[in-house]
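Down below is the structure, laid out as structure tokens.
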Amino acid sequence: MYQTTYHRPSSVDEAAALFAKGKEAKYLAGGHTLIPVMKQRLAAPSDVIDLGKIKELVGVEASGDTLTIKAATSHYDVTQSDAVKKAIPALVHLASLIGDPAVRHRGTIGGSIANNDPAADYPAALLALGATITTNKRAIAADDFFKGLFTTALADGEIITAVSFPVPAKAGYAKFPHPASRFALTGVFVAKTKAGDASPKPKPATSASPRPAPRKVASCG
Ligand SMILES: Cc1cc2nc3c(=O)[nH]c(=O)nc-3n(C[C@H](O)[C@H](O)[C@H](O)COP(=O)(O)OP(=O)(O)OC[C@H]3O[C@@H](n4cnc5c(N)ncnc54)[C@H](O)[C@@H]3O)c2cc1C
């Protein structure tokens, strides 16, 4: 058994300060990736910093043509949100296809995109919709965020605080789920922006599947 110290900060600043103090710290959100990885001894963090109780990281906000989902919002809460249902029902559909009820109740959008599993569902949606990832340090366009297999633009210790989506004219998601885990064997998110062909360019179809990173594959004007 190896030792780890569990922390439960109440603000993003406190979480970042704890991370900076730790020798090899890790953030914990839903724990559906981090805990199995620790159980398999593939990670042995000195400090586990739980983001799940930070109130400023939970919830959904709609303002004008932008929908913002805070990072520690669970997949289940996305499926239940009236704001998401109204603005981008395709995200409700996507979240409802993730794993099983236990995974949906614990797993979070921030954990999913920080992990950037090539078979995860959300990365394709972020790319197709032209989302912006907000962290405690900066805003990152989805196009610049997903770098490769389990790799993102996040710097060490950087915390995702929210994901903002421009509300599209239309969007849809479909996937072939793995029969056991429900992860995407392949998945495609298609979106048409309200601006149509105007700048910024319409966001194309993007796919989630076991390749190094989600990929834009076609423009749908
Ligand atoms: C059986 C099973 C089936 C699943 N099926 C699917 C599926 O069908 N589709 C799908 O998309 N996903 C699936 N998942 C993944 C799951 O939905 C979670 O999205 C995923 O486990 C990560 O989210 P989490 O909140 O559990 O993160 P955690 O496990 O807590 O953290 C994952 C990583 O992200 C980092 N992190 C977490 N939050 C932040 C943050 N705010 N800022 C910076 N770093 C952060 C952590 O340090 C860690 O490195 C499945 C998981 C399991 C166990």
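Things worth noting here:
- Within this structure, Ala95 fails the test of being outside the structural domain of His32 (by TED's automatic domain parsing) and outside any helix (DSSP H, G or I).
- Every residue from segment 140-199 that is surrounded by fewer than 16 Cβ atoms within 10 Å (Cβ to Cβ) and aromatic (Phe, Trp, Tyr): Phe150, Phe176
- Hits in segment 1-44 - residues which are at pLDDT below 95, charged (D, E, K, R), assigned to a loop (DSSP other than H, G, I, E, B) and out of contact with any Ser or Thr (no Cβ under 6 Å at 6 or more places or on another chain): Arg41
- Subset of segment 50-89 [assigned to a helix (DSSP H, G or I), of a type outside the set (Asp, Glu) and surrounded by 17 or more Cβ atoms within 10 Å (Cβ to Cβ)]: Leu57, His75, Tyr76, Val78, Thr79, Val84, Ala87
- Of the strands (runs of 3 or more DSSP E) entirely within segment 133-221, those holding at least 1 residues that are within 15 Å of the ligand (Cβ to nearest atom) and either of a type outside the set (Phe, Trp, Tyr) or modelled with pLDDT of 90 or more (or both) occupy 139-141, 146-148, 160-166, 170-177, 184-192, 205-208.
- Residue list for segment 105-132, restricted to those being more than 19 Å from Ile35 (Cβ to Cβ), within 12 Å of the ligand (Cβ to nearest atom) and not acidic (Asp, Glu): Pro118, Tyr122, Pro123, Ala124, Ala125, Leu126
The values are calculated or read from the model by the stated rules, or taken from the named source; none is laboratory data. For clarity, every value in this text was computed on a predicted model and none was experimentally measured. With ideal geometry, Cβ positions are generated from the backbone for all residues, glycine too; neighbour counts draw on all protein chains shown.
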